[in-house]
Structure formats: structure tokens, C-alpha cells
Amino acid sequence: MSGQIQEFYANVIDSVGDGVVVLDSKGCITFLNPAAEELTGVSRKLAQGMAFATVFKGEELLLEIVAKTAETGMSISDHENIVLYRAGHPTPVSATTSPLMLANGERIGTILLMRDLTSIRELEEAVRTADRLAALGTLAAGLAHEIKNPLGGIKGAAQLLEKELPQDSELLDYTRIMIKETQRVNRIVEELLALTTPKKLKLSKVNLHQILGDILTLQKNGLGGREVSFQQKFDPSIPAILADEEQLTQLFLNLIKNAVEAVGENGQIRISSRILSDYTLTKKGESRQRMVAVEVSDDGPGMSREQLDQLFTPFFTTKSRGTGLGLAICHKIVTEHRGLIKVVSEQGKGTAFTIMIPLIQ
């Protein structure tokens, strides 16, 4: 019976979503559950019986709290500072260490619990970005209103002047430039107002794959001899979702056009869709909603950390032409759909935008 109980508890720990690592009194690993293997990139077979300090060499903060618990019997938690690099990419984790004790109070080892904080950190970053854009938006809206009035005056004066000049006057070239430039500034102001003015969503059943397919057809026809290839991998099980078709078309058109511009004369762009298992949306009074993700990635030059930090800031652009409002408007569209936008980029290796939208039918 005791063997069955032992097997039952082992299955329970294996099924836990958090990483569990058990050490003996000498600091050697006696057990890792599958979640810990995935989180740390450490194989249970290879690690079993080895010293924790050897297996996790270089993870100084983790080693420190494990050693302190083993020495003092205190439980220690760190939810802010630990980042694991062992799985090939930085993974923020929360770690809690506790003494492993027998019923009589004897300490026989240490238990380490680890939880992947990647999704939480991404959500926190999304909230910070939204707050920053809201503040900038308020400032931009005030500026836009102040600019619009004198701009109308300049344009009106130029048009009156144009009417007064003879048809063969060389000065007509200047009035045309004035009118053209005021119209260009006015377009920028209109974009700014669109960024800051709340717009009621026109919700309808939207087929994401049809939107993406239409955009790709247009982009392929407009390549003009450039060697750019498109790969698409859509999940056919994704149903039509409740969204604003016009705004989502603007969103994905902007992202795919950016990707085409990023790869230049030749390159590859990948568009994929999937239903997310690690993100759900819960709103008060509603049932839990799954989320659908659309990823647009390219193998262009990528971006630096500094560029990524400023990416959604109005008027920040890496292009020689453009207002730098496109991605700020994309962020607004995603936020209005109660979604998230995530960017991963590395210089020399390209950029990937992931759009996550609630799968509401």
C-alpha cells in the first residue's frame, strides 16, 4: 500500500505546473518534476544525485537562497530578482525554498518551488506601455487641437493668394507647395487625433484568416520584382471572432507592410495563427476567455533594445519616411480589443510581432 501511496504522490508532484526540485541534506538533487525540467533546461536523469550547486552553477541568487534555507531551516521567497538562463533564453522566475522535514521535526533536505513569471512580466510591461501612451496621447491631443486652427488659417491664406495670382505666375509653385505641405501636416494631426480619440468598435463576426489572406494578396502583387517570400501557417480550428473588421485590417496591414519594408529587396515573412494555452482573459461578470494569437515575423535587420523600448512612442520611427504613428495606432487598436501586443527582436535576426486577442464568438 505504501508503494501505491508513494507513486500517487509522485504523480501529483509530476502534474503540478510549478517547478519542484527536492534536495537531500547534503545538497544533492533527489527529484525534479517535468515542470522544473522544462523551466531550467536540466534533465532529471542527469541531475539526480548531483550537487545542486554544480548543476545550477552561475545562478548565484538561486544558490544563495537554497543554501540559506539548508543552513537555517528558514523559508525564503524571491519574486522579483531571479532570472534563469539555462533553457537558452532568459526566464524570470519566482522561487520559494522550504525545509523538508519529517513528522518528528527532523530536517532531511530542502524543497525549491519555481514559477515561470514570463507571462506576468509581459502583462506588466503591456500595462506600463498603455499608461505611457495614454499620457502621451493626452498631450498629443492638446497639441493637435492647437495646431489645427492656425494650420487652417495658413491654408486658407495660401488658397486666396493662389486665386489672386495670374495663371502664368511663377509664384503659383510656392502657393501649391504651401497648400500641399499644410495638407501633409493636417494628415499628421488627424492621425494624432485618431490615436487619442476613443472610437466605438463596430463589432461583427470577423474571419482573421480571410483578412490576412486579402492583405497578403495585395502585398504580393505590390512587390515590384523584389524577392520577398511569404509563409503562412494558419490554425484552421480558429472560428470567426467578435471584433472590428476595419480596425483589425488596419492593424495587420500596418504590421505586414512594416515587415515587407524591413526585409528590403529579399527576405522571408512568416504569418501564423494559433490558439493560446498560456493566456486567458477573465473579466468581471464574464466567463474565462481563451485568446487567439497572430504572429507576423520577418528575417530583416531586427532592432536594438533601445529601439524596442521606444517602439510604440508617437513620432518614434526607424524609417527615413513616416510619421512614427503607425505602431502607436496598432497598440491602440489591440488595447481597444482588450488584447496584447508583444514584440521580440534581435539585431541581425529579424523581428516578430505577436497580437493576442480574446477569442470571443
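The values are calculated or read from the model by the stated rules, or taken from the named source; none is laboratory data. The structure presented is a predicted model; accordingly, all values stated were derived computationally and were not measured. We place every Cβ from the backbone using ideal geometry, glycine too, and count neighbours over all the protein chains shown. What goes into the accessible areas is simple: the full protein's heavy atoms, side chains included, and nothing from ligands, DNA or RNA. Shrake-Rupley method; radii C 1.70, N 1.55, O 1.52, S 1.80 Å.
Note on ALA53 and ILE147: the model spin-label points, each 7 Å out from Cα along the C-beta direction, lie 6.2 nm apart.
Between LEU248, PRO236, ASN266, the Cα set farthest toward the positive side of the dipole of region 226-270 (charges on each charged residue's Cβ, about the Cα centre) is that of ASN266. The 3J(HN,Hα) values that the Karplus relation (6.51, -1.76, 1.60; θ = phi - 60°) gives for region 91-97 are, in residue order, 10, x, 9, 9, 10, 10, 10 Hz. Gly and Pro appear as x.
Rounded to the nearest 20 debye, the dipole magnitude of region 142-231 is 660 debye, with +1 charges on Lys and Arg beta carbons, -1 on Asp and Glu beta carbons, and the Cα centre as origin.
Go through LYS220/LYS257; LYS202/LYS332; LYS200/LYS332; LYS155/LYS180; LYS26/LYS68; LYS180/LYS257 and tell me which ones have a Cα-Cα distance over 18 Å in this structure.
LYS180/LYS257
Taking 7 Å steps out from each Cα toward its Cβ at HIS209 and VAL12 produces label points 4.3 nm apart.
Applying 1/(1 + (r/R0)^6) with R0 = 51 Å to the Cβ-Cβ distance of LEU242 and LYS45 gives a FRET efficiency near 0.60. Gain on full extension, evaluated as 0.36 nm per residue between LYS180 and ASN266 minus their Cα-Cα distance, stands at 27.6 nm. The slack in the chain from SER277 to ASP78, taken as 0.36 nm per residue of separation less the alpha-carbon distance, amounts to 69.0 nm.
ARG115 contributes an accessible area of around 120 Å² to the protein surface, as traced by a 1.4 Å probe with all chains present.
So how do 267-275, 163-171, 254-262 stack up, highest first, on mean other-Cβ count within 10 Å?
Details: 267-275: 18.1, 163-171: 8.7, 254-262: 20.0.
Peptide ranking by packing, descending: 254-262, 267-275, 163-171.
From most to least packed by mean Cβ count within 10 Å, the peptides 222-231, 48-57, 347-356 give 347-356, 48-57, 222-231. Taking 7 Å steps out from each Cα toward its Cβ at LYS257 and ARG290 produces label points 3.3 nm apart. Amide H to amide H, with H built 1.01 Å from N, MET50 comes under 5 Å of ILE29, counting only residues 5 or more places away or on other chains.
Amide H to amide H distances under 5 Å link ASP18 with no residue, where only residues 5 or more positions off or on other chains count and H is placed in the peptide plane. Answer rounded, prolate or oblate for region 183-273, using the Cα gyration tensor with square roots of eigenvalues a ≥ b ≥ c: rounded when a/c is under 1.5, else prolate when a/b is larger than b/c, else oblate. Oblate shape, in that a/c is at least 1.5 and b/c is the bigger or equal ratio.
What FRET efficiency do you get for VAL344 and LEU172 if R0 is 56 Å and r is their Cβ-Cβ distance, rounded to the nearest 0.05? About 0.65, to the nearest 0.05.
At full extension, GLU71 and GLN310 could sit 81.5 nm farther apart than now, given 0.36 nm per residue minus the alpha carbon distance.
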